[in-house]
Amino acid sequence: MARVLVVEDDQFVRSALIRHLTEAAHTVRSVGTALEALREVAQVGFDVVILDLGLPDLDGAEALKMLRGLTDVPVIIATARDDEAEIVRLLNAGADDYLVKPFSVPHLQARMAAVLRRTRAGGNGAEEAGDGVIRVGGLAIDPLRRVAELDGTVLELTRREFDLLAFLARRPGVVVARKELLAQVWQLSYGDDQTIDVHLSWLRRKLGETAANPRYLHTLRGVGVKLEPPPAEGGPA
């Protein structure tokens with residue numbers, strides 16, 4: 001089960017969430033302000049944060065930005081606001097999912113389970129060691145510790161870069177459509193392909209390659225992107 005931080009200033013909603021999530025065998029801590037949430041996240045390891053936007057000290061959107069500066073923990077926004085433009089903005093800013101109040105606890109639990117599956121997903125064809133590390137050529141990706149190494153050197157990746165690399169590494173040699181990348185990595189049903197291009201460019205730079213001279217990341221124009229190990233040195237290209 002998951003370690004959950006509920007960030008909600010409405011005492012009635014907060015109590016209900018604590019009760020139902022605890023009954024579902026989750027370990028739950030709760031706070032009523034953004035600053036308390038930041039302190040909790042800095043001190044305690046959580047699997048998921050349920051974040052209300054209408055907090056008394058800071059707007060939840062600003063709290064999300066500050067959370068992302070501290071941790072990569074999945075964040076599910078839970079709020080009465082239902083403006084589509086704001087939903088897209090928050091997802092792009094690092095939220096992993098978005099629920100509009102009122103919602104049922106089973107609905108929340110289903111969303112939590114989906115987010116946690118993505119976070120904890122195992123390999124799909126990649127070599128995965130007993131410690132959960134995914135290995136593709138000289139790449140070693142640890143989804144739980146969120147650490148990626150190339151030939152033994154730790155890569156300094158942003159959250160999205162890590163998510164993109166890990167998602168592709170679980171499907172080595174498989175061409176993944178851009179639409180699927182938007183849906184699975186960015187949790188968007190639609191969006192600008194330029195977002196993917198920019199992140200791929202940053203990721204390539206950190207892998208020591210370019211689009212014109214790829215080693216791991218290969219783009220098939222009009223089709224998608226695949227990650228595969230480079231050919232063995234001295235072997236066929």
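The values are calculated or read from the model by the stated rules, or taken from the named source; none is laboratory data. Computed from a prediction, not measured in an experiment: that's the story for all the values here. Don't worry about glycine lacking a Cβ; one is built from the backbone with ideal geometry, like all the others, and counts go over all protein chains shown. These accessible areas exclude ligands, DNA and RNA; they are computed on the full protein's heavy atoms, side chains included. Shrake-Rupley method; radii C 1.70, N 1.55, O 1.52, S 1.80 Å.
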>> What is the angle, in °, between the Cα long axis of helix 193-207 and the longest principal axis of the Cα atoms in the chain? Nearest 10 is fine, range 0 to 90.
In response: 60 degrees
> Against the longest principal axis of the chain, how steep is helix 60-70, in degrees 0 to 90 to the nearest 10, with axes from Cα atoms?
Replying inline: 50 degrees
>> Using amide H atoms built in the peptide plane, which far-off residues or other-chain residues are under 5 Å from VAL174 H to H?
In response: LEU227
> Expressed as an acute angle from 0 to 90° and rounded to the nearest 10, what is the orientation of the C-alpha long axis of helix 11-23 relative to the principal long axis of the chain?
Replying inline: 60 degrees
>> How large is the accessible surface of MET66 in square angstrom, using a 1.4 angstrom probe and rounding to the nearest 10?
In response: 70 Å²
>> Once each part is reduced to its C-alpha centroid, what is the distance from the stretch 167-208 to the stretch 57-97 in angstrom?
In response: 21 Å
> Rounded to the nearest 500, what is the chain's calculated 222 nm mean residue ellipticity when only DSSP H runs of at least 4 contribute -39500 (n - 2.57) each, over all residues?
Replying inline: -12000 deg cm²/dmol
> Whose amide H sits under 5 Å from the amide H of LEU139, counting only residues 5 or more places off or on another chain, with H placed in the peptide plane?
Replying inline: ASP151
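Count the net charge of all other residues whose Cβ sits under 14 Å from the Cβ of GLY152, scoring Lys and Arg as +1 and Asp and Glu as -1. Mind showing how you got there, number by number?
Values: positive: ARG135; negative: ASP142, GLU149, ASP151.
With Lys, Arg at +1 and Asp, Glu at -1, the net is -2.
Evaluate the relative contact order of the chain (contact order divided by residue number), counting alpha-carbon pairs under 8 angstrom at least 6 apart; express in whole percent. Mind showing how you got there, number by number?
Values: 364 pairs, mean separation 28.8, N = 237.
Relative CO of the chain lands at 12 percent.
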>> Within the stretch 19-36, list the residues whose amide N lies under 19 Å from a label point set 7 Å along Cα→Cβ of GLN11.
In response: 19-20, 29-34, 36
